[in-house]
1. For residue 23, state whether it is under 21 Å from residue 310 (Cα atoms) and in the same structural domain as residue 9 (by TED's automatic domain parsing).
2. Need at least 3 residues that are out of contact with any Asp or Glu (no Cβ under 8 Å at 6 or more places or on another chain) per element, so show me which strands (runs of 3 or more DSSP E) inside the stretch 190-273 make the cut, counting only ones lying wholly within it.
3. Which numbered condition trips up residue 316, out of (1) of a type in the set (S, T, N, Q); (2) under 28 Å from residue 172 (Cβ atoms); (3) in contact (Cβ under 8 Å) with a residue 60 or more places away in the chain?
4. Based on what the data block shows, is residue 146 closer than 30 Å to residue 292 by Cβ and not in a loop (DSSP other than H, G, I, E, B)?
5. Can you work out which of the residues in the stretch 38-61 that are among the charged types (D, E, K, R) and in contact (Cβ under 8 Å) with a residue 12 or more places away in the chain is surrounded by the most Cβ atoms within 10 Å (Cβ to Cβ)?
6. Residue under question is residue 10, and the condition is that it be in contact with a strand residue (DSSP E or B) (Cβ under 9 Å, 6 or more places away or on another chain) and in contact (Cβ under 8 Å) with a residue 60 or more places away in the chain; does it hold?
7. Among the residues of the stretch 279-314, write down those that are of a type in the set (S, T, N, Q) and more than 23 Å from residue 244 (Cα to Cα).
8. Which condition from (1) at positive phi; (2) in contact (Cβ under 8 Å) with a residue 12 or more places away in the chain is the one that residue 81 breaks?
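The values are calculated or read from the model by the stated rules, or taken from the named source; none is laboratory data. Here the structure is a predicted model, which means the values were calculated and not measured. Cβ atoms come from the backbone with ideal geometry, glycine included; neighbour counts cover every protein chain shown.
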Amino acid sequence: MNHRIVFLDRDTIAPDINVRRPDFNHDWAEFGKTKVDEIAERLSGATIAINNKVALREETLKQCPDLKMIAVAATGTDNIDLAYCKANDITVSNIRGYAVNTVPEHTFALILSLSRAIPGYREDVINGEWQKSGQFCFFSHRISDLSGKRLCIMGEGALGQSVAHIARAFGMEVIFAAHKGSTGLGPLYTPWDECIETSDIFTLHCPLMPSTAEMIGLDEFKRMKDTAIIVNTARGGLIKEADLATAIKDGLIAGAAIDVLPVEPPADDHPLLELARRPNFILTPHVAWASTEAIQTLCDQLIDNIENYVSGNPSNVV
């Protein structure tokens, strides 16, 4: 069988990354971006679709009768209609384990930047505040050590565990939050309310599901320490964004760093964009996953998944 493979959104992979061609007879087509109304035409006759962020829903998939596999160039599959795929024998494979270094390292870059007040001091230097101070240093922003601080990790998978490993090297106290509203989850977990009220730093590494959607809002921010900071490199939608904006503006918490939003890119009037120039807020454009090493690992695994499927031994099946 000669497979037709279509990559719907190649631009989501850095241009310097090698996406090797599968080792079997096939036709290959790729597009930088694909709109929803372009999917059916581009997947006409395709047996395998490579997809990162394009939404593949039932109404679209019904127009692609030849499709046998969707190779997702990411871990998350919330943009894929998995129920339809299962009912229609379309194999969906995703990427796993590729971000075990890049996401935790980005997380700690954000934690350190906020704890050490780097954005604020950098802006002050650019604005000439050092010269104005008239001395060897100045103290316009609060700086905190990580050693001895309580780090609450929400998500106990590979990424959460990797973050914990780094945190312990800094001398931090690491706790894993019990799922909101749950009890009796075992000794690994600290009760949700205790986490919210006693932690110094929060970092999110859990999937977006009905049980985790908007799990942190104004009630949680009001109960956090006013010296606390929160970092989200997991999924947009875990935090109520308007409430986070309120928490930063009203000083309910000391700072926040966000790498993911529910809709990307954000609209010009997004509430978090209003905070972008504040010294205690950092917004990065969904790049925690995007080290060169991690993306190359992702792409190698992506093609492995396709080759394994064609050989009759599918891997990473969702």
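1. Working: under 21 Å from residue 310 (Cα atoms): yes; in the same structural domain as residue 9 (by TED's automatic domain parsing): yes.
Yes, satisfied.
2. So the answer is 201-204, 255-258.
3. The single condition residue 316 does not satisfy is (2).
4. On the way: closer than 30 Å to residue 292 by Cβ: yes; not in a loop (DSSP other than H, G, I, E, B): no.
The answer is no for residue 146.
5. 42
6. Details: in contact with a strand residue (DSSP E or B) (Cβ under 9 Å, 6 or more places away or on another chain): yes; in contact (Cβ under 8 Å) with a residue 60 or more places away in the chain: no.
Taking the combined requirement at face value, the residue does not satisfy it.
7. 291, 292, 296, 297, 301, 305, 308, 311, 313
8. (1)
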